[in-house]
Structure formats: C-alpha cells, structure tokens
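Engineer: Have a look at this one before I ask anything.
Readers should treat all values here as calculations from the given coordinates under stated rules, not as data from a laboratory. Model, not experiment: these values are computed from the prediction. FYI the Cβ positions are ideal-geometry reconstructions off the backbone, even for glycines, and counts take in every protein chain you see.
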Amino acid sequence: MDVTERRELARVGLDGPLGGNAASMRATARALAQVESAAAVVLVEGISDQIALAALAAGRGRDLAAERVVVVPIGGAHAIGRFLTMLGPLGPEVRLAGLCDLREEEIFRRGLTEAGVGAPRTRAELEHLGFYVCLDDLEDELIRAVGPAGVEALFDSQGDLRSFRSFQSQPAWRGREPGAQLWRFLRSSSRRNLRYARLLVEAAVARDTVPRPLDALLSTVGGGNARQVRPESGDG
C-alpha cells in the first residue's frame, strides 16, 4: 500500500462511518496518519498495549510524539500480516518493532516471515527484529510486576476494591489463585482494562519492576533515557 492509500485509510477511519469497535478503529487511524513522518513504527495488538507503552515512555521522561515513535494498535495478532503489507517498505531509516502475547508469538513470526521482514525461528530472533513477547499477556506481566497486594492497593485507591471483592465471591472465582482473579477482573471490562494499563505501568515504574518486554521494546525504539536490556536467549 502506497502513501496515498494509507492516508485514505486513515481519513476514512477518522471521518467515515465506523463499524465494530469504533474506538479501536479510530486509534488505529490516528496512528496510521502519523506513519509517513515516523522514525519508528511499533505494531501492538490493541489499545491497552499502546497506552502501556505511552505510560512507560512518560515514566522514563520520554515523549514518543516528539521522537516520532508511532504505536499502531492493529486490532489483534491475526492482523499482523495485513498491516505489514499495508505499511510496505518503511525505509532503512525507520525502525520497525512490535509486541505480542505468548499465545500469538507464532502468528507474529509467520506474519513477519511472509511479509519478508525476516524469518525468526526463535524468540531471540524475534527480538533481534525488534519484536517482543509478553508472558502470558500484558495484563499478566503487569500483575506480576506490581504484585497482587500492589494491584489490590491500586484498586482501593481507584474505588474498585469493593467491586473486586464482590467479583472474588462469585462461585466461578471463589478460592481461585489471586493472580487469576485479578487478571479476569481487569479483562472483564474494556474500559477498566484500558484505565489500568496506564495505572499499572505507572506503579511498576515507581517500583522499578517494569516487565521486561515493555522495557526492552521501549529501548529498541531509541531515546536518550532508554535502558539497555539484554536479549532473551530462550526459544519460547
């Protein structure tokens, strides 16, 4: 897809009638409208990933907009190939990177291979291309980073602890492992999930326990305050 087609897709997404998840489509359209002048393009599965990366950048004292780092939510891992084709060759001066969940790792590998970006067979090779994997997903990474007690304290500060306690008392979730309860509570509301993507990253920054995939991804797309994170050697 050439620049004119990409601009038209962004314009339709921003101005035209939208079906499905309108908020997600608008977020994608806004990001695509900035790709032409980008120094780095980061492909993520959804808006929560986009919010989390922006929150981490702010916590590290970075301004992604000023750095021309564009984070594009693609609406699910299965769209990776379509977006890589849509973007086309970005040029050697533009850094391409991305983030996916563990269960979508193979989909990202296949999409990158089919688009001619590379042929990653292992997680280390994925990371060499700038793509990182959350274990098991972003919410799980953030819950482990902040800790169950820390997440509950955050719920309390936001007025959500009573609702969480009510959720814990439901027969399907009573007695379950706290991390699983927290994960399901976060994922049970898209609005809640998006709000806590930022809040949990901010809490992780304050504790200096930012999940490695987020930290490594932010380092990959540059910035003077980015930390150097060692590559992961496992295949995954």
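Engineer: Can you give the FRET efficiency to the nearest 0.05 for D208 and A153, using r as the Cβ-Cβ distance and R₀ = 25 Å?
Structural biologist: After rounding, the FRET efficiency stands at 0.90.
Engineer: If you compute Cα Rg over 2.2 N^0.38 Å for the structure shown, which of (i) 0.94; (ii) 1.20; (iii) 1.03 do you land on?
Structural biologist: From the options (i) 0.94; (ii) 1.20; (iii) 1.03, the structure gives (iii).
Engineer: Please give the contour-minus-distance gain from S163 to H78: 0.36 nm per residue of separation, less the Cα-Cα distance, rounded to one decimal in nm.
Structural biologist: Length difference between fully extended and current span is 27.3 nm.
Engineer: Dividing the alpha-carbon Rg of segment 139-207 by 2.2 N^0.38 Å yields what?
Structural biologist: Cα Rg divided by the expected 2.2 N^0.38 Å: 1.01.
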